[in-house]
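The values are calculated or read from the model by the stated rules, or taken from the named source; none is laboratory data. What you see is a predicted model; the values in this text were computed from it and never measured. Here the Cβ is made from the backbone with ideal geometry for all residues, glycine too, and neighbour counts use every protein chain on show.
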Amino acid sequence: MAGNPSDPAHIPSHWRRVLPGIAPQYPERVEVGVMQRRRLFPLALGLVLTLAMVPGLFAQGAGPASCGTIGPINNNDTIVLRGNVNPLAQPQADYGFADPARPMDRIILTLKMSPSRQAALDRLLVEQQDPASPQYHHWLSPEEFGRRFGPSEADLATITRWLQSQGFTIDEVAKGRLWINFSGSVAEVESAFHTEIHRYYVGGVMHHANATDPSIPKALSGVVAGIVSLDDFPRQAMNVGFQKLSPQDAAAVYAKYGKIAPQWSGTANGTAGVYTSPIDWATIYDANASYSTNGTGTGVTIGIVGRTNPGTTNWATFRSILGLPVNTPTIIVNGTNPGDLGAAEDGEADLDAEWSGGVAPGATVKFVASASTSSTDGVDLSAQYIVNNNLADVMSTSFGSCESAMGSAENTFYNNLWAQAASQGITACVSTGDSGPAGCASGSDTSGSGQSGVNGLASTPYDVAVGATELSNSSSYWNASGAATGYIPETPWNESGTVSGGSGLWATSSGASSTYAKPSWQSAPGVPSASHRYLPDVCLDGSDMFFGNYGMLVYTQGAMATTGGTSAASPSFAGLMALVVQKYGRQGNANTKLYQLGTAQYNGTGPAVFHDITSGNNNVPGLTGFTAATGWDEVTGLGTVDVNALVNNWNGTSTTYSISGTVSGAATSGVTMTLSGAASATTTTASGGTYSFAGLANGTYTVTPSKSGYTFSPASASETVNGANITGVNFTATAVVSTYSISGTITLNGAGLSGVTVTAGSATATTSSSGAYTLSGLVNGT
């Protein structure tokens, strides 16, 4: 190799990782600009597609074929899909063209809904959470979702035929009709999508990525949102790493649960203290009372998103040490077996499987392992597998990417996927991240300056975004054997360089989405009035042992270890939701109920189901974060939970109601709806003009719409909630039309001439005695 290239200084360190399963290469560096040279491939001109539809594309039970919206496809008449180059694909790391024969497998083409179908989905998701609606908890199958909200069969057939005509193999078409997986080579990708696949040497690893934004035929642009990714830069696992316990500490942990520890080799880390297990978690968060009366999750399935296959031995051992019932999670290999990818990847898998099943010991945990490819992260493939196969009642994803760096197609993919999950009754739980307000950086970075943002996998309106807290560092909350004795006060998890003993940016991530507007359900005391989706929704313990706090136990690589971060909080919340589902059935997007309960509690009208975190922050070096406060706050959300109170009060005991309606006319989406009176809140209308204020106590409220450039009829509406939801509070928007006037004087022989009728368009005036006239109410024109 000519020399060891240095990484761009601004590249976050969490991207400087080897993608498991992709072998690094070390070629001579070739300085090449994106447009310096291109391979030439023949393009079909004005191609009229006549290939046969993919056999078995539409499974039994699909609705009747409908007319397509895609016209004749001309491969030379294209549209560029902007914002779809990975920010790590930098010129200074460019090593030139990739091998044209290199496989690019399981590429995800994400599709989009028509505006009318998106509006219909938005309405359904509100109705599925409204006990007064006939659609309440009427969950869809993936096939039904596709028939109602996906593109037509004709359009799907056209797209698949076009992909085949470009040399691609169709791997799978989503039952929900919002994505197509296909495979080909670098050469076929470059030809079909008018881009270039280059090699990029980043962090000592040779990666592959598209150097320019891809393009698609313009005829497809009404249905195709884009390609989720054309690179092998991996998504970040949201944990702080894994530290093996010293032999002394391991022996103490075993003794705590009445076991004798095996003798392990290794260097003791010198840390002594208390380690938290799911047994302690159940004590801290009052789950034991719920276990005895409501169950432990029996009959409920939790799906875990993964990209390695670590085997199940560690999981069975973890449960055995803690004395949990024999109920080892199972592994589903989705496509090519990724194999065991080693310590870092296995640690995340072990944490997710062990803690979700530890919190809900009776639940069935299914871990989906999908191999990453040169174009697609296994995380995306596992997430789509769970939803596409309606595999689980609850699912957890402990990975993420910076929302603003993901690109339009990636954001659309996860927005659609979690919306479909919600419509099927699946509760999607996603970690918010481990770098405080610097969501576009890594926890191991030294400064968050210029890296503000949120995790795009967690920021959609359709998932529960789970942040992390840390337990109070006091021995008074633990007994002599190291077991928790009850609830332990919490603060936002922050072990960054801004606190004593901390380093890097390690802190719970939170903030406002730059992509999504505030959902109608995100209303509670403390939620900002600005129209953004805010993270997190809830928090749970994510303490780790690195800086003296109580680390969370995980059995990985054949040994007991400690870890922390939001990766611990998300699977824990998934386990908690399994307890809810056992008692009440599937819940879909649980945020509707969580915010109703939070609103009632913090307004003083409902039971205390949340532990309100009121002190601490997630400031990190180089970037000021957010401070905990009473009620909802932008660092811990609604707070952590009292499991027994939450489960028992989930249905029926919270005396809260909703006001909803629709804005029609000249403006529908993006209208700011302001609630005043007995409570204050704001939300924005969805694409179909719908809005809803949930979690309202009895009282009188005023709803006022506003949007620049429009007037509304009525200007506001006053409603009194008295033991029932109020629907049909509707408004009509009218565009404000600017008007102008023309004035002058008509004279005859120098004297004003009165009584002359002057007309311009629809305006008419009569001259005065002095001959003057004014034509009013005129719009632009001649």
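Considering only region 321-341, how many residues are farther than 21 Å from Asp380 by Cβ and either hydrophobic (A, V, I, L, M, F, W, C) or in contact (Cβ under 8 Å) with a residue 60 or more places away in the chain (or both)?
Result for region 321-341: 5.
When only residues in region 254-284 that are modelled with pLDDT of 80 or more and touching a strand residue (DSSP E or B) at 6+ places or on another chain (Cβ under 6 Å) count, which is farthest from Ser543 (Cα to Cα)?
Residue satisfying both the conditions and the ranking: Thr283.
Scan region 750-764 and tell me whether some residue there is under 30 Å from Gly526 (Cβ atoms), loosely packed, with under 12 Cβ neighbours inside 10 Å, small (Gly, Ala, Ser) and outside the structural domain of Gly606 (by TED's automatic domain parsing). Write out each step before concluding.
First, the residues of region 750-764 that are under 30 Å from Gly526 (Cβ atoms): none.
Checked region 750-764: no residue is under 30 Å from Gly526 (Cβ atoms), loosely packed, with under 12 Cβ neighbours inside 10 Å, small (Gly, Ala, Ser) and outside the structural domain of Gly606 (by TED's automatic domain parsing).
Scan region 477-501 for residues that are touching a His at 6+ places or on another chain (Cβ under 8 Å) and under 14 Å from Tyr275 (Cβ atoms) and report the count. Working first, answer last.
Just the residues of region 477-501 that are touching a His at 6+ places or on another chain (Cβ under 8 Å), to begin with: 487, 490.
When the remaining residues are screened for being under 14 Å from Tyr275 (Cβ atoms), the result is none.
Qualifying residue count, region 477-501: 0.
Take Asn473 and decide whether it is of a type outside the set (Gly, Ala, Ser) and at pLDDT below 90.
On the way: of a type outside the set (Gly, Ala, Ser): yes; at pLDDT below 90: yes.
Answer is yes for this residue.
Can you tell me which residue in region 97-109 is nearest to the chain's Cα centre (by Cα), limited to those that are more than 19 Å from Val224 (Cα to Cα) and crowded, with 22+ Cβ neighbours inside 10 Å?
Looking at the filtered set, the residue picked out is Met104.
Is it the case, given these coordinates, that Phe610 is out of contact with any Phe, Trp or Tyr (no Cβ under 9 Å at 6 or more places or on another chain) and either at pLDDT 95 or above or charged (D, E, K, R) (or both)? Can you show your working first?
Details: out of contact with any Phe, Trp or Tyr (no Cβ under 9 Å at 6 or more places or on another chain): no; either at pLDDT 95 or above or charged (D, E, K, R) (or both): yes.
No: the conditions fail for Phe610.
In region 695-720, what residues are modelled with pLDDT of 85 or more and within 30 Å of Pro607 (Cβ to Cβ)?
Filtering region 695-720 for residues modelled with pLDDT of 85 or more gives 700-720.
Of everything in region 695-720, those that are modelled with pLDDT of 85 or more and within 30 Å of Pro607 (Cβ to Cβ) turn out to be Thr700, Tyr701, Thr702, Val703, Ser718, Glu719, Thr720.
If the requirement is being under 30 Å from Thr684 (Cβ atoms) and touching a strand residue (DSSP E or B) at 6+ places or on another chain (Cβ under 7 Å), which of these qualifies: Ala119, Ala225, Ala211, Ala132? Give the steps one after another, and end with the answer.
Numbers: Ala119 fails: touching a strand residue (DSSP E or B) at 6+ places or on another chain (Cβ under 7 Å); Ala211 fails: under 30 Å from Thr684 (Cβ atoms); Ala132 fails: touching a strand residue (DSSP E or B) at 6+ places or on another chain (Cβ under 7 Å).
Being under 30 Å from Thr684 (Cβ atoms) and touching a strand residue (DSSP E or B) at 6+ places or on another chain (Cβ under 7 Å) holds for just one of Ala119, Ala225, Ala211, Ala132, which is Ala225.
Out of the residues in region 758-782 that are in a strand (DSSP E or B) and of a type in the set (S, T, N, Q), which is nearest to Ser669 (Cα to Cα)?
Start the filter on region 758-782 by keeping residues that are in a strand (DSSP E or B), which leaves 758-760, 763-766, 772-778.
Checking which are of a type in the set (S, T, N, Q) leaves us with 759, 764, 766, 774, 776.
Values: Thr759: 39, Thr764: 37, Thr766: 44, Thr774: 39, Ser776: 32 Å.
Here the residue is Ser776.
Test each condition in (1) over 29 Å from Pro705 (Cα atoms); (2) crowded, with 20+ Cβ neighbours inside 10 Å for Tyr534 and report the one that comes out false.
So the condition that Tyr534 fails would be (1).
How many residues are of a type in the set (A, V, I, L, M), within 26 Å of the chain's Cα centre (by Cα) and within 21 Å of Trp162 (Cβ to Cβ) when one looks only at region 191-215?
Number satisfying all stated conditions: 0.
Applying the selection to region 680-706, what residues are over 25 Å from Ala666 (Cβ atoms) and surrounded by fewer than 20 Cβ atoms within 10 Å (Cβ to Cβ)?
Ser680, Ala697, Asn698, Gly699, Thr700
If you check Glu490 against the conditions, is it over 24 Å from the mean Cα position of the chain (by Cα) and under 27 Å from Asn589 (Cβ atoms)? Break it down stepwise before answering.
Values: over 24 Å from the mean Cα position of the chain (by Cα): yes; under 27 Å from Asn589 (Cβ atoms): yes.
Judged against the criteria, Glu490 is a match.
Name the helices (runs of 4 or more DSSP H) wholly within region 340-434 that hold at least 2 residues that are modelled with pLDDT of 95 or more and either among the small types (Gly, Ala, Ser) or closer than 30 Å to His137 by Cα (or both)? Break it down stepwise before answering.
Working: elements: 343-359, 378-388, 403-406, 408-423.
Ranges flagged: 343-359, 378-388, 408-423.
Which condition number does Leu230 fail, the rest of (1) touching a helix residue (DSSP H, G or I) at 6+ places or on another chain (Cβ under 7 Å); (2) under 17 Å from Gly407 (Cα atoms); (3) surrounded by fewer than 21 Cβ atoms within 10 Å (Cβ to Cβ) being met?
Condition (3) is where Leu230 drops out.
Report yes if some residue within region 727-735 is over 30 Å from Leu675 (Cβ atoms), small (Gly, Ala, Ser) and surrounded by fewer than 15 Cβ atoms within 10 Å (Cβ to Cβ); otherwise report no.
Taking region 727-735 first, the residues over 30 Å from Leu675 (Cβ atoms) are none.
Looking for residues that are over 30 Å from Leu675 (Cβ atoms), small (Gly, Ala, Ser) and surrounded by fewer than 15 Cβ atoms within 10 Å (Cβ to Cβ), one finds none in region 727-735, hence no.
Only residues that are touching a Gly at 6+ places or on another chain (Cβ under 8 Å) and at negative phi: list them for region 154-170, please. Can you show your working first?
Taking region 154-170 first, the residues touching a Gly at 6+ places or on another chain (Cβ under 8 Å) are 154-158, 166-169.
Answer for region 154-170, where residues must be touching a Gly at 6+ places or on another chain (Cβ under 8 Å) and at negative phi: Ala154, Asp155, Leu156, Ala157, Thr158, Gln166, Phe168, Thr169.
Determine if region 528-550 includes at least one residue that is more than 23 Å from the chain's Cα centre (by Cα) and at pLDDT 95 or above.
There is no residue in region 528-550 that is more than 23 Å from the chain's Cα centre (by Cα) and at pLDDT 95 or above.
Kindly indicate which of Ala316, Ala282 is surrounded by fewer than 18 Cβ atoms within 10 Å (Cβ to Cβ) and part of a helix (DSSP H, G or I).
Details: Ala282 fails: surrounded by fewer than 18 Cβ atoms within 10 Å (Cβ to Cβ).
Only one candidate passes the filter, namely Ala316.
Would you check if there is a residue in region 567-580 being touching a residue at least 60 places away in the same chain (Cβ under 8 Å), surrounded by fewer than 23 Cβ atoms within 10 Å (Cβ to Cβ) and either in the same structural domain as Glu354 (by TED's automatic domain parsing) or among the basic types (Lys, Arg) (or both)?
So in region 567-580, the residues touching a residue at least 60 places away in the same chain (Cβ under 8 Å) come out as 567-580.
Filter once more, so that each one left must be surrounded by fewer than 23 Cβ atoms within 10 Å (Cβ to Cβ): none.
Scanning region 567-580, I find no residue that is touching a residue at least 60 places away in the same chain (Cβ under 8 Å), surrounded by fewer than 23 Cβ atoms within 10 Å (Cβ to Cβ) and either in the same structural domain as Glu354 (by TED's automatic domain parsing) or among the basic types (Lys, Arg) (or both), so the answer is no.
What are the residues in region 446-473 that are in contact with a Pro (Cβ under 6 Å, 6 or more places away or on another chain) and in a loop (DSSP other than H, G, I, E, B), if any?
If the condition is that a residue be in contact with a Pro (Cβ under 6 Å, 6 or more places away or on another chain) and in a loop (DSSP other than H, G, I, E, B), then Ser447, Ser452, Pro461, Ser472 are the ones that fit.
Are there any pairs with C-beta distances below 6 angstrom linking a residue in region 63-88 that is at positive phi to a residue that is modelled with pLDDT under 95 and assigned to a loop (DSSP other than H, G, I, E, B), with the two at least 6 apart or on different chains, and if so which?
Matching pairs, first to second residue: Gly83/Gly407.
Quick grid of which residues meet (1) on the phi > 0 side of the Ramachandran plot; (2) modelled with pLDDT of 95 or more:
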{"site": "Asn239", "(1), (2)": "no, no"}
{"site": "Asp286", "(1), (2)": "yes, yes"}
{"site": "Gly303", "(1), (2)": "no, yes"}
{"site": "Thr313", "(1), (2)": "no, yes"}
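Which residue out of Ser398, Ser382, Ser375, Ser370 is touching a helix residue (DSSP H, G or I) at 6+ places or on another chain (Cβ under 9 Å), within 27 Å of Val580 (Cα to Cα), crowded, with 24+ Cβ neighbours inside 10 Å and hydroxyl-bearing (Ser, Thr, Tyr)?
Values: Ser382 fails: touching a helix residue (DSSP H, G or I) at 6+ places or on another chain (Cβ under 9 Å); Ser375 fails: within 27 Å of Val580 (Cα to Cα); Ser370 fails: within 27 Å of Val580 (Cα to Cα).
Result: Ser398 is the single residue among Ser398, Ser382, Ser375, Ser370 that is touching a helix residue (DSSP H, G or I) at 6+ places or on another chain (Cβ under 9 Å), within 27 Å of Val580 (Cα to Cα), crowded, with 24+ Cβ neighbours inside 10 Å and hydroxyl-bearing (Ser, Thr, Tyr).
Tally up the residues in region 553-577 that are in a strand (DSSP E or B) and either closer than 14 Å to Trp315 by Cα or within 15 Å of the chain's Cα centre (by Cα) (or both), please.
Quick first cut of region 553-577, residues in a strand (DSSP E or B) only: 553-556, 559-563.
Cutting the leftovers down to either closer than 14 Å to Trp315 by Cα or within 15 Å of the chain's Cα centre (by Cα) (or both) gives us 553-556, 559-561.
Of the residues in that region, 7 qualify.
Quick check on this structure: which one of Gly755, Gly744, Gly723 is at pLDDT 90 or above, assigned to a loop (DSSP other than H, G, I, E, B) and touching a strand residue (DSSP E or B) at 6+ places or on another chain (Cβ under 8 Å)?
On inspection, the qualifying residue turns out to be Gly755.
So, in region 289-308, exactly how many residues are surrounded by fewer than 18 Cβ atoms within 10 Å (Cβ to Cβ) and assigned to a loop (DSSP other than H, G, I, E, B)?
First pass over region 289-308, keeping only residues surrounded by fewer than 18 Cβ atoms within 10 Å (Cβ to Cβ): 289, 292-293, 298-299.
Add one more test, that the residue is assigned to a loop (DSSP other than H, G, I, E, B), and what stays is 298-299.
Residues flagged as surrounded by fewer than 18 Cβ atoms within 10 Å (Cβ to Cβ) and assigned to a loop (DSSP other than H, G, I, E, B) within region 289-308 amount to 2.
Which of the residues spanning region 76-96 are surrounded by 21 or more Cβ atoms within 10 Å (Cβ to Cβ) and more than 23 Å from the chain's Cα centre (by Cα)?
Ala89, Ala93, Asp94, Tyr95
Which residue, of Gly598, Gly631, Gly625, is in a loop (DSSP other than H, G, I, E, B) and within 14 Å of Gln522 (Cβ to Cβ)? Explain how you work it out, then say what you get.
Details: Gly598 fails: in a loop (DSSP other than H, G, I, E, B); Gly625 fails: within 14 Å of Gln522 (Cβ to Cβ).
So the residue among Gly598, Gly631, Gly625 that is in a loop (DSSP other than H, G, I, E, B) and within 14 Å of Gln522 (Cβ to Cβ) is Gly631.
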